[in-house]
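Participant: Take this structure, written in structure tokens, and hold onto it; I'll ask about it next.
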Amino acid sequence: MKQVLIGTNLRRSLACTLLVLTPLIQAAPPQAVVGSTLETREIRAQLSPRRYTTLAAEIGAKINRLPLTEGAAFKQGQTLVQFDCALQQTQLAKAEAALMAADTAWRGNQKLAELNSVGKVELDISKADVLKAQAEVSANRALIGKCQITAPFSGRIAEQKAREQQYVQPGQALLEILDDSQLELEFIVPSRWLAWVRNGAAFQVNIDETGKTYPAKVQRIGARVDPISQSVKLTAVIDGRFSELVAGMSGKVLMAPPQR
């Protein structure tokens, strides 16, 4: 009898608890909870370079010179890698000599043709030999052009993946470079901010590594909203040049809706 009374009382207690909690659950739909979390959480952002790429070898050769070390700055068009291309130079000289011989034979056949001393077929073959030799020279000159790698843009060397006197294969990564002339920020904000955030909007970002706050401005707004998190990605740039800032640093975005 005592066990029956305890079971009955437990069921009554659970029923009362459900009656109390049901209005609270109905009053807080899942979307409202997600939105509240997005509005109150800390918005983090990381500094990234405007442009970056990996430079790779286009020919198989020995690296003769790497004039710059990791972290060094460079200008657009500056030589970053110089290969030992003695063999390629020799092949070019051989192709140029073959072109000279073919051109001499063709010119001689042209004069003989004027005297009807050579057939048209032989004349055409000598002309084709000249064109073939010209193509060989052009191919070798293009190969020589790959004996050095120049900077596609101004920036800094982020990582050196090869060393001088090392033989590399075509496609092998040599240098990672980046353009840090203007550092970018990417971060996620609540989608409801689209009601007031615009391109060019100014805000502040506090960088952890320096402990300082820097001005920034919105550059691009994401093309779509994530329907699950109700958020959108923003891309911004640091508004100014600060030598202490380096790509990879992170911090907290200080951005709030305008006061009404």
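Participant: Show the residues, 5+ positions off or on another chain, whose built amide H is closer than 5 Å to the amide H of residue 51.
Facilitator: 179
Participant: For residue 173 and residue 229, calculate 0.36 nm times their separation in residues minus their Cα-Cα distance, and state this gained length in nm to one decimal.
Facilitator: Extra length from residue 173 to residue 229 when fully extended: 16.3 nm.
Participant: Here's something else I'd like to know. What ranking of 69, 90 emerges when the number of other C-beta atoms within 10 Å of each C-beta is taken as an exposure proxy, fewest first?
Facilitator: 69, 90
Participant: Related question: Quick check on the range 52-179: take the gyration tensor over C-alpha atoms, sort the square-rooted eigenvalues as a ≥ b ≥ c, and tell me if it's rounded (a/c under 1.5), prolate or oblate.
Facilitator: Prolate, because a/c is 1.5 or more and a/b exceeds b/c.
Participant: Determine the shape class of the range 130-175: with a ≥ b ≥ c the square roots of the Cα gyration tensor eigenvalues, call it rounded for a/c under 1.5, and otherwise prolate if a/b is greater than b/c, oblate otherwise.
Facilitator: On the way: a/c = 4.12, a/b = 2.13, b/c = 1.94.
Judged from the Cα gyration tensor, the range 130-175 comes out prolate (a/c at least 1.5, a/b above b/c).
Participant: Quick one: of 75/146; 94/120; 75/252; 75/161; 62/146; 212/252, which pairs are farther than 22 Å apart, Cα to Cα?
Facilitator: Listed pairs above 22 Å: 94/120; 75/252.
Participant: A follow-up question, please. Taking 20 °C and 1.002 mPa s as the conditions, I'd like the Stokes-Einstein D for the range 100-250 in µm²/s, using the Kirkwood hydrodynamic radius from alpha carbon pairs. Before the final figure, lay out the partial values.
Facilitator: On the way: Rh = 22.0 Å.
The Stokes-Einstein estimate is 97 µm²/s.
Participant: Just want to confirm a number: the relative contact order over the range 52-179, from Cα pairs under 8 angstrom separated by 6+ residues, in percent.
Facilitator: 50 percent
Participant: Just subtract the alpha-carbon distance of residue 52 and residue 122 from 0.36 nm times their residue separation and send over the number in nm, one decimal.
Facilitator: On the way: separation 70, 0.36 × 70 = 25.20 nm, distance 5.50 nm.
That works out to 19.7 nm of additional length.
Participant: Which ³J(HN,Hα) values, rounded to whole Hz and listed in residue order, are derived for the range 249-255 from phi using the Karplus coefficients 6.51, -1.76 and 1.60 in 6.51 cos²θ - 1.76 cosθ + 1.60 with θ = phi - 60°, glycine and proline given as x?
Facilitator: So the Karplus estimates, Gly and Pro as x, are 5, 9, x, 10, 7, 10, 9 Hz.
Participant: Give me a comma-separated list of calculated 3J(HN,Hα) values for the range 55-69, in order, Karplus coefficients 6.51, -1.76, 1.60 applied at θ = phi - 60°, integers in Hz, x for any Gly or Pro.
Facilitator: 8, 10, 6, 9, 9, x, 6, 8, 6, 8, 7, 10, x, 10, 9
Since every read-out is calculated from the coordinates, none of them should be taken as a lab result. Computed from a predicted model, the values in this text were never measured in an experiment. No Cβ is skipped: glycine too gets one built from the backbone with ideal geometry, and neighbour counts run over all protein chains shown.
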